[in-house]
Amino acid sequence: MTYKIEVDFDVYRELMIRRTRESMTFNNVIAELLGLAHQEVPPVESVGYRLRGTWTPTASANDLLIGVLQTLAMENPDFLPQLAAHANARARTRVYLSQNRNDLYPGRPDLTHFSSEITPGWYVGTNISNQQKIQLLRNACEVAGITYGVDLVITIDPSTPSANAACATD
């Protein structure tokens, strides 16, 4: 059985600092601080992704998107150009991924700060819905030759089990 607790930012920051590995949950950190012998609790109720069996917790859905794209880009230098060229990796009027930050929000330079650099010279727009993030991740899996829902499983909204179930299926 698990319980949710609220902590202020300083406590959260200390918990993050005390994680000795990415797979370490806040429960593990607290148990260690309290000197409790414990078995690692799987990070079921946090935002993050499992890529080929390795769990990576993230602070937000945007960090999840960026983390997956960065990991896949490090594995294959042609990944980002191929994803950018993928027919479904764009909206009706704009692209989600580009080498030019201004292409992400055409006619809206005020929104360019809603983008993140994935690798040097490649940007992803982050002012998109979680459903659009999921679709972009599905496209990324196609390009990378991995199976969404098997090789990549995401937890994008831990408070909505139905959203996560949709993420974990293909």
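Considering only the range 139-155, state which residues are touching a residue at least 40 places away in the same chain (Cβ under 8 Å) and either outside any strand (DSSP E or B) or out of contact with any Asp or Glu (no Cβ under 9 Å at 6 or more places or on another chain) (or both). Even if it seems obvious, please write down each step before you answer.
First pass over the range 139-155, keeping only residues touching a residue at least 40 places away in the same chain (Cβ under 8 Å): 139-140, 142-144, 146, 151-155.
Correct list: 139, 140, 142, 143, 144, 146, 151, 152, 153, 154.
Take the range 89-115 and flag every residue that is under 22 Å from residue 142 (Cα atoms) and either surrounded by 11 or more Cβ atoms within 10 Å (Cβ to Cβ) or outside the structural domain of residue 141 (by TED's automatic domain parsing) (or both).
At the first step, the residues of the range 89-115 found to be under 22 Å from residue 142 (Cα atoms) are 89-92, 94-99, 104.
The answer is 89, 90, 91, 94, 95, 96, 97, 98, 99, 104.
Under 8 Å between Cβ atoms, which residue pairs at least 6 apart in sequence (or on different chains) link something in the range 8-19 that is closer than 14 Å to residue 33 by Cβ with a partner that is exposed (fewer than 13 other Cβ atoms within 10 Å of the Cβ)?
Here the result reads 15/7; 18/33, each pair linking the range 8-19 to a residue that is exposed (fewer than 13 other Cβ atoms within 10 Å of the Cβ).
I'm trying to understand the selection: among the residues of the range 70-86, which are under 10 Å from residue 143 (Cβ atoms) and without any contact (Cβ under 8 Å) to a residue 40 or more places away in the chain?
Going through the range 70-86, the residues under 10 Å from residue 143 (Cβ atoms) turn out to be 72, 76, 78-86.
If the condition is that a residue be under 10 Å from residue 143 (Cβ atoms) and without any contact (Cβ under 8 Å) to a residue 40 or more places away in the chain, then 78, 81, 84, 85 are the ones that fit.
What do you reckon, is residue 70 polar (S, T, N, Q) and modelled with pLDDT under 95?
Working: polar (S, T, N, Q): yes; modelled with pLDDT under 95: no.
It is false that residue 70 is polar (S, T, N, Q) and modelled with pLDDT under 95.
Would you point out which residue out of 77, 158, 81 is modelled with pLDDT of 90 or more and part of a loop (DSSP other than H, G, I, E, B)? Step through it out loud before you land on a result.
Details: 158 fails: modelled with pLDDT of 90 or more; 81 fails: part of a loop (DSSP other than H, G, I, E, B).
Checking each option against the conditions leaves just 77.
Could you list all residues from the range 110-137 that are touching a residue at least 24 places away in the same chain (Cβ under 8 Å) and in a loop (DSSP other than H, G, I, E, B)?
Step one: list which residues in the range 110-137 are touching a residue at least 24 places away in the same chain (Cβ under 8 Å), which gives 116, 118-119, 122-126, 128, 130, 132-137.
Matches in the range 110-137: 126, 128.
The values are calculated or read from the model by the stated rules, or taken from the named source; none is laboratory data. Since we're looking at a predicted model, the values are computed, not measured. Note that we place each Cβ from the backbone using ideal geometry, even for glycine, and neighbour counts take in every protein chain shown.
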